[in-house]
Structures are given as C-alpha cells and as structure tokens.
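Everything below concerns the one structure shown next.
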Amino acid sequence: MFELFITENQSMLRMTTFLSLLGLLFILEQIIPRLQFPGLWFYKRQLINLSLLLIDIVLIRLLMPLALFDLANQIHQQGYGLINLVTLPFWLNIIISIVVFDLLIYLQHIAFHKYKYLWRIHQAHHTDTQFNVTTGVRFHPFEIVLSFIYKMLAVVLVGPAAISILLYEILLNAAALFTHSNIAIGKAADNFLRRIIVTPDMHRVHHSNIKNETDSNYGNILSIWDKLFHTYLAQPEAGHEHMRIGLDEFQEEEKLNVNLLLKLPIYSNKQ
Ligand SMILES: [Zn+2]
C-alpha cells in the first residue's frame, strides 16, 4: 500500500519537498542572512536563476519521461547491478546506495571542472556573482541532461532499490539548496555539520573567483569525499565577507542574462 503510494507519487513527492525547501530557505535568508549582498542585482540575478530552473524543469519533463525511479525499479527487480551481488539488510542497502551515488556525483562535479567542454556547460553555474539559495538552481539545461544520463548509467551499474534513488534525489536537491543558501547557521553549527555534510560556508569557497579555491570543495551532500581525496579547503583566503564570488571573465552584471547563460557552451573560448 505504502510502496504503491510512493511509486505513484514519487515525482510529486520530489517536487513538493524541493519547492517547499526552496521557499523555506528563501524566507530564512531574509530573517538570518549570512552575508549582505546589496543592490538591485541581488534580486535580478535570482529571477535569472529561477528562469533557468523553469527551463530545466520543462526540458527534463519533455525529454525524460522515464524517471530514474522507474529505471531503478526495473534494474533492481531483475537483480542487476553491483549492489545486488551481496545480500544486505534493506536499510544498509539503501545507505550504501546513497553514499555511492554521492561519490559518483562528486566525481561528476570534478569532471565538469576539468574537461573543457563540460566546464563551458558548468560555468553558467559559476558565473553567479552573488551567492544564495537560487544559485543552487542555476544550471545550464545541458548540465541537467548530461547529469541525468550519467545517473541512468550509475543506476544500471549500481542497481539500487528504487526507494534509494528517490531518497537520494530528495537529499541531493535539498543539499543543492542548503549548501548555496545565504543563511547564518553560526560557527559552531558549521564546524559540527561540516565534519559530515557540506555546509554553505564550505561550498561558498568553491564559488570563489580564485582558481585554487574554485578547484576545491566539490562535494554535494557529504563532506568526506573532499577530505578523502584532498580537495578540501576550509576557508577562503580573503574571508567570507570579502571574498569575490563568480568568474573574473564574467563580472559585468548587465551582460549576464539568460540568453548569454544559455549560449555559454558555444560562446566561450576562454577556458
Ligand atoms: Zn562547480
């Protein structure tokens, strides 16, 4: 009964939690902001970020009628995938699948930085010159499509239970919103949380305009991968209040409209 409810409503469940958290973090940013971003641009760029979100949602609905959830259901029931080689308690199977997927998406993020053509697609995300929850939805549609294909291959390789994929997608979306949010959680909470998960202060370093800072903190949900693979950088050199966010070659705010962001994969020869 419960399983049937989840199967029939998984897409609605994902969308509802995503939009609720987006709204909640947006409200919290107004009440307890971590940093002050003055100017009208703070709001204008959020409209640009939300426009990209809208395009991404429409595109993914049109192109990908088959949800990852359904694919995982098929693969898991047939017994395919590495995780099905061993018999594990169901709860452990779910946890391991989520951790493995988080590692795979960490590696995907590094690939988006290291390979020229992938970087051209990913840089739309990094051209945001300020940093708040809507930065977490600022992705070029190509990145959404490529990431979806990558996750489909990962589902076939790993063979997670469908519920693991649903939980993972919810957690990944929540992490994307939380780690970009401009909420003050306090130093103590930040220090405690970043032992296990990525915090906004940790991820903001990745949005610095300084190359070695951008080339750090690739993690999405768990902070352990950056520490394990030595891509962890605790704080930005200039401090959070003074660090510059964005890319040096894209600092002219009036040019950074949706049109330019969509053209970035073919427009830029600078990297
Ligand atoms: Zn990045």
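Every number in this text was worked out from the coordinates using simple rules, so none of it is lab data. Not measured: the values here are computed from a predicted model. As a convention, Cβ positions derive from the backbone with ideal geometry for all residues, glycine included, and neighbour counts pool all protein chains shown.
Figures for the structure shown
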quantity	calculated
In degrees, nearest ten, helix 258-267 long axis to first principal axis of the chain (Cα)	80
Computed lengthening from Leu107 to Val86, 0.36 nm per intervening residue step minus Cα-Cα distance	5.1 nm
Amide H within-cut-off set for Ile197, under 5 Å, with H built and near neighbours excluded	Ser223
Inter-part distance where region 103-135 and region 193-261 are each reduced to a Cα centre, Å	10
Cleavage-rule hits, chymotrypsin sites (Phe, Trp or Tyr not before Pro), region 44-140, DSSP coil, Cβ neighbours within 10 Å at most 13	Tyr115
Model label zone, Ile31; criterion: amide N under 17 Å from point 7 Å along Cα-to-beta-carbon; scope region 162-186	178, 181-186
Region 126-271 - convex hull of the alpha-carbon atoms, volume per residue in Å³	136
Cα gyration tensor, region 72-197 - rounded (a/c under 1.5), prolate or oblate	oblate
Ranked list, fewest to most other Cβ atoms within 10 Å of each Cβ, for Arg34, Arg45	Arg34, Arg45
